[in-house]
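Student: Once you've had a glance at the structure underneath, I'll fire off some questions.
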Amino acid sequence: MNTLALKPKQKLSAECVDRSSRSQVDAQEESEPPGQDDEPPQTGIAARRYFSHIGQPLWDDWKWQFKNRITTARELSRYLPLSEFEIQDLEKVTRRYPLSITPYYLSLIDPYDANDPVRRQAIPSTMEIDPSMQGLEDPLDENGDSVVPGLVHRYEDRALMVTTNICPVLCRHCTRKREWHQHGTVHTPVEFHAMIEYIRSHTRIRDVIVSGGDPLSLSTHRLEEIIAALRSIPHVEIIRIGSRFPVVLPQRIDAELCQMLSRYSPIWLNTHFNSVREITPESAAACDRLLKAGVPVNNQSVLLKGINDSVSDQLALCQGLLKIKVRPYYLFQCDEVQGVEHLRTPVEKGIEIIAGMRGRTSGLAIPSFVVDLPDGGGKVPLLPDYIVNHNEEHIFFRNYRGDFYSYRNPLPVSNVAESKCLHNSLADTPAQPERIGV
Ligand SMILES: *Cc1c(COP(=O)(O)O)cnc(C)c1O
């Protein structure tokens, strides 16, 4: 096995044509070089692990990264040590659930660590097609809440726009794994028009989430058309982009994109770091460019078995995120998606992790642990039980160390008034013993 084999260029461009989709055509249309920014390139050695033969300008070009995604088990075996048996297993899985990983993200994998957190998120496992595994195609019933194709309207003031189902990296724990069957489609202009008009006519929608797939798979030009249309709607206060590009293809966050986004402020971006290993000079610089463009970056991670399911994993991740000025927003319970069962943890695990973080790190580093309920029930935040008992006047707390405390509620107003009268009328009588808590 030749881990450093140079990939022949002809073959790559041929594959690119094979997999051509509208967004890739978009990507090719724009021939100008990737944006320059004022920061020196910060590529680490580890980040070039398998690609030392690729020149820096190409490596930094997001379109090169996008076009050269590794999508077959054979290709993968050039970089990771895989036995013939493992290759065949991988091929079996990818017939049902495809594989896609960028050269950059692949480079984060330690080839000799079978439990590498990046590997487990991006490289298929035969468990995905284990017939004994449970799960649902569309656990959140997003199809049920789709008001027009591509637009999910569940909460009155927010709407979620699925722009494309293209993603540079197919996360094995993807909640929209059902859409991989038609991988490579972008909604048509007519469909986009219908989504925009729905939002325009529903004046209570003040927050639109531009999601996917990954919306940054679209060309900057096409993304701008969508964002500009949303901005033309007076009641849309904020636009949120949900994208994993800062983590899996940080080169995408170039000057051109950042300048475009800064013109449509306020735009927020929620990204998806799951492991401290994903915080690299490249991903940090991508987040920094967004922040400098006035785009706040928050993180939504998914609690995944064997990847980030311990207090120490989460402390390392969330404290690492604060260092790059990314706020941990949500920690999601992994949805009961078909083909993802092997990565799910019991709900209690998430509560235990949040309990283990509180008091031991900055409150800013602690995300809300959230379960998105099946059948469109929506998100429910879960906290450890800090209240052990209560009566009308007192609440009995357990703190982060496990010590107990009693806290007095204010008396209801009518009682306050009564006790004041009582106090006045008893002014001349001997002092009463002070009332104490139960
Ligand atoms: C998660 C989600 C939102 C946004 O929820 P927030 O709690 O505001 O981040 C909106 N719509 C749908 C359908 C969602 O799944």
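Student: Taking θ = phi - 60°, what integer Hz values does the Karplus form 6.51 cos²θ - 1.76 cosθ + 1.60 yield along the range 89-106, in sequence order, with x for Gly and Pro?
Tutor: Calculated HN-Hα couplings, in order: 4, 4, 5, 4, 5, 5, 5, 8, 10, x, 10, 7, 8, 7, x, 4, 5, 4 Hz.
Student: Using a 10 Å cut-off on Cβ atoms, rank the peptides 221-229, 65-73 from the highest mean neighbour count down.
Tutor: 65-73, 221-229
Student: What pairs from Lys292/Lys349; Lys177/Lys325; Lys67/Lys305; Lys323/Lys349; Lys63/Lys292; Lys325/Lys379 go past 28 Å between their alpha carbons?
Tutor: Lys292/Lys349; Lys177/Lys325; Lys67/Lys305
Student: With every protein chain left in place, what is the accessible area of Arg344 in Å² (1.4 Å probe, nearest 10)?
Tutor: Its accessible surface works out to 60 Å², give or take rounding.
Student: Going by amide H atoms built from the backbone, whose H comes under 5 Å of the H on Gly378, apart from near neighbours?
Tutor: Leu373
Student: Another question about this same structure. Report the Stokes-Einstein translational diffusion coefficient (µm² s⁻¹, integer) for the range 160-214, Rh taken as the Kirkwood radius over Cα pairs, at 37 °C with viscosity 0.692 mPa s.
Tutor: 266 µm²/s
Student: Highest mean first, what order results for 154-161, 99-106 on Cβ atoms within 10 Å?
Tutor: Those peptides, ordered most packed to least, come out 99-106, 154-161.
Student: Stretch Asp375-His390 to full length: gain in nm at 0.36 nm per residue minus the Cα-Cα span?
Tutor: Full extension of this stretch gives 2.0 nm more.
Student: Moving on. Please report, to two decimal places, log10 I(q)/I(0) for the range 146-382 at q = 0.10, 0.12, 0.14, 0.18 Å⁻¹ as given by the Debye formula with identical point scatterers on the Cα atoms and no solvent.
Tutor: Log10 of I(q)/I(0), two decimals: -0.46, -0.68, -0.94, -1.51.
Student: What ranking, highest mean first, results for peptides 350-359, 184-193 when packing means the other Cβ atoms within 10 Å averaged over each residue?
Tutor: By packing density, highest mean first, the sequence is 350-359, 184-193.
Student: Quick one: which residues, 5+ away or cross-chain, put their amide H under 5 Å from the amide H of Gly306? H built at 1.01 Å from N.
Tutor: Excluding prolines and chain starts, which carry no amide H, there are no hits.
Student: What is the set of long-range amide H partners of Phe369 at a cut-off below 5 Å, with H atoms built 1.01 Å from backbone N?
Tutor: Correct list: Leu331, Leu382.
Student: Separate question: Let me make sure I get this right: for the range 199-337, a, b and c are the square roots of the gyration tensor eigenvalues over alpha carbons, sorted descending. Under 1.5 in a/c it's rounded, otherwise prolate if a/b > b/c, else oblate. Which is it?
Tutor: Verdict is prolate for the range 199-337.
Student: Another question about this same structure. By the gyration tensor of its Cα atoms, with a ≥ b ≥ c the square roots of the eigenvalues, what is the shape of the range 44-148: rounded for a/c under 1.5, prolate for a/b over b/c, or oblate?
Tutor: oblate
Student: Please compute P(r) over all alpha-carbon pairs of the range 214-263, binned at 10 Å starting from zero, and give each bin as a whole-number percent.
Tutor: 23, 57, 19, 1
Student: Where both residues lie in the range 146-382, what percent of DSSP beta bridges are antiparallel, nearest 5?
Tutor: 30 percent
Student: Taking 0.36 nm per intervening residue step and subtracting the Cα-Cα distance, what contour gain separates Leu58 from Asn298 on full extension?
Tutor: The Leu58-Asn298 span can extend by a further 83.5 nm.
Student: Something else about it: At a probe size of 1.4 Å, how large is the accessible area of Asp61, to the nearest 10 Å²?
Tutor: Approximately 30 Å² of Asp61 is accessible to the 1.4 Å probe.
Student: Sticking with this structure for a sec: Compute the length gained on full extension between Tyr407 and Ser362: take 0.36 nm times their separation in residues and subtract their Cα-Cα distance, giving the result in nm to one decimal.
Tutor: Gain in length upon complete extension: 13.8 nm.
Student: Each residue of the range 280-288 in turn: what ³J(HN,Hα) in whole Hz from Karplus with 6.51, -1.76, 1.60 and θ = phi - 60°, glycine and Pro shown as x?
Tutor: For the range 280-288, the Karplus-derived couplings read 10, x, 5, 5, 4, 5, 4, 5, 4 Hz, x marking Gly and Pro.
Student: Pop the C-beta distance of Asp113 and Arg398 into the FRET formula with R0 = 51 Å and round what comes out to the nearest 0.05.
Tutor: That pair, Asp113 with Arg398, gives E of 0.85.
The values are calculated or read from the model by the stated rules, or taken from the named source; none is laboratory data. Bear in mind that the values here come from a model prediction, so they are computed numbers and not experimental data. Note: ideal-geometry Cβ built from the backbone for every residue, glycine included; neighbour counts use all protein chains shown. Just the protein is used for accessible areas: all its heavy atoms, side chains included, with ligands, DNA and RNA removed. Shrake-Rupley method; radii C 1.70, N 1.55, O 1.52, S 1.80 Å.
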